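The values are calculated or read from the model by the stated rules, or taken from the named source; none is laboratory data. The structure presented is a predicted model; accordingly, all values stated were derived computationally and were not measured. Here the Cβ is made from the backbone with ideal geometry for all residues, glycine too, and neighbour counts use every protein chain on show.
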Amino acid sequence: MFRKFWAFFAGAAFVAGGTFVALLLLQQEPTVASVKAPPPEFSEETKVCIACHKKTSQSIVQQWGDSKHHRAKVGCYECHQADASDPDAFVHEEKKVGKGKPISIIV
């Protein structure tokens, strides 16, 4: 009898905890629409990054759109631009971003 009580109690606590977490998640604003279009203050390079990554890796754009970087108007290229002599620098989508504009994924 004692074991049944604790099993029931543990199960009820688990369900209640899961319900609480689900309710918290439902109250958060969705991030899907966090970046509808790049603000005009960002560079042309950043606008190209956003337009392309919205198609290829939308979660990156969503995460950035909810970040302090976005609110501070720090764009992709402004943060990831690199010097050509940096060991981790590479040219990414040269036709889109621009010739001679290396980036680094390590910032």
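Observations
- Taking every residue in the stretch 79-101 that is on the phi > 0 side of the Ramachandran plot and pairing it with any residue that is assigned to a helix (DSSP H, G or I), at least 6 positions away or on another chain, the pairs with Cβ-Cβ distances below 9 Å are GLU93/VAL48; GLU93/CYS49; GLU93/CYS52; GLY98/GLU44; GLY98/GLU45; GLY98/VAL48; GLY100/GLU94.
- Note on the stretch 54-104: among residues that are more than 19 Å from PHE42 (Cα to Cα) and β-branched (Val, Ile, Thr), the one that is nearest to the chain's Cα centre (by Cα) is THR56.
- Single match in PHE42, PHE5 (criterion: part of a helix (DSSP H, G or I) and either at pLDDT below 90 or under 25 Å from LYS96 (Cα atoms) (or both)): PHE5
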